[in-house]
Amino acid sequence: MSYIDGFVIAVPAANKQNFIDYARQFDPIFIELGALRVIEAWGDDVPDGKLTDFRKSVQATSDEVVVFSWIEWPDKATRDAGMKKMMEDPRMDPSNPDNPPMPFDGKRMIFGGFEPVVEIK
């Protein structure tokens, strides 16, 4: 089975196209480094919960949309090597003036790596 990195972020609704452009520029780097697939999903039906929910998890404001994203890797070893290279890649350095600014607050992103335990096709 593969390995999955999952992400939840809050993006200002007004930045939707900026977010799409940003993802189209940077997501191919994951593929270049061994990822099988990258999905960026713009929130469409993200209800408020009574105790917890996606919006609360990233402290989304009323003018922000929750984005749920994941990267599929062939295995954890490929993911670990790819993520290490990604963090060292100057194309990902936010201080590089050639890179566009992130269209969201990266400090409120939640993320994690997951080992699939059930897959039904």
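The values are calculated or read from the model by the stated rules, or taken from the named source; none is laboratory data. These figures come from a predicted structure and were not determined experimentally. Virtual Cβ from ideal backbone geometry, glycine too; neighbours counted across all protein chains shown. To get the accessible areas, we keep the full protein, side chains included, count just its heavy atoms, and leave off ligands, DNA and RNA. Shrake-Rupley method; radii C 1.70, N 1.55, O 1.52, S 1.80 Å.
Please list, by residue number, every one of the GluC sites (Glu not before Pro) in the stretch 53-121 that is coil in DSSP and has at most 13 other beta-carbon atoms within 10 Å.
Numbers: sites: Glu64, Glu72, Glu88, Glu119; in loops: Glu119.
Filter output for the stretch 53-121: Glu119.
Do any of Lys50/Lys76; Lys16/Lys76; Lys16/Lys56; Lys16/Lys84; Lys84/Lys107 go past 25 Å between their Cα atoms, and which? Don't skip to the end; give the middle numbers.
Working: Lys50/Lys76 35 Å; Lys16/Lys76 31 Å; Lys16/Lys56 20 Å; Lys16/Lys84 28 Å; Lys84/Lys107 19 Å.
Among Lys50/Lys76; Lys16/Lys76; Lys16/Lys56; Lys16/Lys84; Lys84/Lys107, the Cα-Cα distance tops 25 Å for Lys50/Lys76; Lys16/Lys76; Lys16/Lys84.
So which trypsin sites (Lys or Arg not before Pro) in the stretch 1-96 pass both tests, a DSSP loop state and at most 13 other Cβ atoms within 10 Å of the Cβ?
Numbers: sites: Lys16, Arg24, Arg37, Lys50, Arg55, Lys56, Lys76, Arg79, Lys84, Lys85, Arg91; in loops: Lys50.
In loop regions of the stretch 1-96 (DSSP not H, G, I, E or B), the sparsely surrounded trypsin sites (Lys or Arg not before Pro) are Lys50.
So what's the net charge close to Ala10: Lys and Arg +1, Asp and Glu -1, counting the other residues with Cβ under 14 Å from its Cβ?
Numbers: positive: Lys16, Arg55, Lys56, Lys107, Arg108; negative: Glu40, Asp48, Asp53, Asp63, Glu64, Asp105.
It works out to a net charge of -1.
Mean separation of Cα pairs under 8 Å and 6+ residues apart, divided by the residue count of the chain: what relative contact order is that in percent?
On the way: 188 pairs, mean separation 56.9, N = 121.
The value is 47 percent.
With runs of 4+ DSSP H residues as the only contributors, calculate the mean residue ellipticity of the chain at 222 nm using -39,500 (n - 2.57) per run, divided by the residue total and rounded to the nearest 500. Display every interim value, and only then the final one.
On the way: 3 runs with 34 residues, N = 121.
Per the formula, -8500 deg cm²/dmol.
Between Asp93 and Ile20, how high is the FRET efficiency from 1/(1 + (r/R0)^6) when r is the Cβ-Cβ distance and R₀ = 30 Å? Nearest 0.05.
That gives a FRET efficiency of 0.90.
If you plug each phi of the stretch 95-100 into the Karplus form 6.51 cos²θ - 1.76 cosθ + 1.60 with θ = phi - 60°, what whole-Hz ³J(HN,Hα) values come out, in order, with x for Gly and Pro?
Here the 3J(HN,Hα) series is 7, 6, x, 7, 8, x Hz.
Given the options Thr78, Thr52, Thr61, which has the most mean-square fluctuation in a GNM of the chain, springs set between C-alpha atoms less than 10 angstrom apart?
Thr52
For the chain, with a Gaussian network of springs between Cα atoms less than 10 Å apart, report the residue from Asp45, Asp27, Asp89 with the top mean-square fluctuation.
Result: Asp45 has the largest fluctuation of those listed.
Hey, can you grab everything whose amide H is under 5 Å from the amide H of Arg37? Only 5+ residues off in sequence or another chain; H modelled, so Pro and N-termini drop out.
Glu72
Once neighbouring chains are kept in place and the probe is 1.4 Å, which whole percent of the accessible area of the chain is contributed by carbon and sulfur? Spell out each step's value before the answer.
Details: 4590 of 7960 Å².
Percent of accessible area from carbon and sulfur atoms in the chain: 58.
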